[in-house]
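Worksheet for the structure shown next.
The values are calculated or read from the model by the stated rules, or taken from the named source; none is laboratory data. As the structure is a computational prediction, the values presented were derived from the model and not from experiment. In this analysis, Cβ positions are derived from the backbone assuming ideal geometry, glycine residues included, and neighbour counts consider all displayed protein chains.
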Amino acid sequence: MNININIEEAVINYLQKKKNDSFAVNITTSGGGCCPTFEIAEIELGKPKDINTYDIYQSNGITIFMSKKAIIISTLAFSLQKNIFTNSIIVSGLSLKRR
C-alpha cells in the first residue's frame, strides 16, 4: 500500500535528540463500562518487540511501525506536541472509532 507520510521537522529533531530513528503507532481502546469506548493512537519510541503485528513504512530516514489495526484515511501526518514537562508525537490521518 502506497501512502503519503508527512513528518514535521520538529519530530525528526526530537527523535534525533532521543537517539531514535523509529517509532510504533499503536491503537488502543479507552473508556467502557457505562461510557462509550474510544480508539486512541499512541506513539511509542523505538522498534516494537513483535513487528509481525505492524505494517512498516519509511519516510525521511525514520521507520514507522504502524499497527495493522490502524485504518489510514488520508496522508499520515506526525507532529510534535509540546507539553509542560514532556513532548509527544501525535498522528493525524487515521480513522479512530467511537463505539
- If you go through segment 62-74 one residue at a time, do you hit one that is under 27 Å from Lys17 (Cβ atoms), in contact (Cβ under 8 Å) with a residue 24 or more places away in the chain and either loosely packed, with under 13 Cβ neighbours inside 10 Å or acidic (Asp, Glu) (or both)? no
- Here are some conditions: (1) over 20 Å from Ala77 (Cβ atoms); (2) at pLDDT 95 or above; (3) not β-branched (Val, Ile, Thr). Gly32 meets all but one. Which one does it not meet? (2)
- Note on the structure: Subset of segment 80-99, residues surrounded by 15 or more Cβ atoms within 10 Å (Cβ to Cβ) and in contact with a helix residue (DSSP H, G or I) (Cβ under 7 Å, 6 or more places away or on another chain), comes to Leu80, Ile89
- Do we have any residue at all in segment 16-25 that's under 15 Å from Val91 (Cα atoms) and of a type in the set (Asp, Glu)? no
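Yes/no matrix, rows are residues, columns are (1) more than 12 Å from Asn26 (Cβ to Cβ); (2) in a strand (DSSP E or B); (3) out of contact with any Leu (no Cβ under 8 Å at 6 or more places or on another chain); (4) of a type in the set (A, V, I, L, M):
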{"residue": "Glu42", "(1), (2), (3), (4)": "no, yes, yes, no"}
{"residue": "Lys47", "(1), (2), (3), (4)": "yes, no, yes, no"}
{"residue": "Phe65", "(1), (2), (3), (4)": "no, yes, yes, no"}
{"residue": "Lys69", "(1), (2), (3), (4)": "no, no, yes, no"}
{"residue": "Ser79", "(1), (2), (3), (4)": "yes, yes, yes, no"}
- Answer yes or no: is there a residue in segment 10-20 that is assigned to a strand (DSSP E or B) and surrounded by 13 or more Cβ atoms within 10 Å (Cβ to Cβ). no
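Might you let me know whether segment 26-34 holds any residue that is buried (at least 17 other Cβ atoms within 10 Å of the Cβ) and touching a residue at least 12 places away in the same chain (Cβ under 8 Å)? It would help to see each step written out before you state the result.
At the first step, the residues of segment 26-34 found to be buried (at least 17 other Cβ atoms within 10 Å of the Cβ) are 26-27.
Imposing the further condition that a residue be touching a residue at least 12 places away in the same chain (Cβ under 8 Å) reduces the set to 26-27.
Taking every residue of segment 26-34 in turn, at least one turns out to be buried (at least 17 other Cβ atoms within 10 Å of the Cβ) and touching a residue at least 12 places away in the same chain (Cβ under 8 Å).
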